[in-house]
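The values are calculated or read from the model by the stated rules, or taken from the named source; none is laboratory data. Remember, predicted model here, so these are calculated numbers, not experimental data. Cβ atoms come from the backbone with ideal geometry, glycine included; neighbour counts cover every protein chain shown.
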Amino acid sequence: MDFGELERKVVAFRDARGWAKYHTPKNLAISAAVELGELLEHFQWGTDEEILELSENPTKREAIADEIEDVVIFLSQALPFERMQ
């Protein structure tokens, strides 16, 4: 999936729920920062070895991937990727 397709799916999801009015630049930036904080919690206080071991745990790997997806989704709405091309 390319970024344009991702953005179209996110917009369709957002619009189906009537959330467009909440997706202001301020709210999207705050939401991206919150999700980034949730991503960083997976690595906080871990040793380098413990962090490397996270990739070997399917549950942890999926949780980390979910947080990365959330960050990308909020950032894609704050600055649509078509503007970057």
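Does residue 39 meet the test of being surrounded by 12 or more Cβ atoms within 10 Å (Cβ to Cβ), farther than 22 Å from residue 78 by Cβ and of a type in the set (A, V, I, L, M, F, W, C)? Give the derivation first.
On the way: surrounded by 12 or more Cβ atoms within 10 Å (Cβ to Cβ): yes; farther than 22 Å from residue 78 by Cβ: no; of a type in the set (A, V, I, L, M, F, W, C): yes.
So residue 39 does not fit the description; no.
Is it the case that residue 18 is part of a loop (DSSP other than H, G, I, E, B), surrounded by 10 or more Cβ atoms within 10 Å (Cβ to Cβ) and not aromatic (Phe, Trp, Tyr)?
Answer is no for this residue.
Could you go through segment 33-44 and let me know if any residue there is at pLDDT 95 or above, of a type in the set (S, T, N, Q) and not in a helix (DSSP H, G or I).
Scanning segment 33-44, I find at least one residue that is at pLDDT 95 or above, of a type in the set (S, T, N, Q) and not in a helix (DSSP H, G or I), so the answer is yes.
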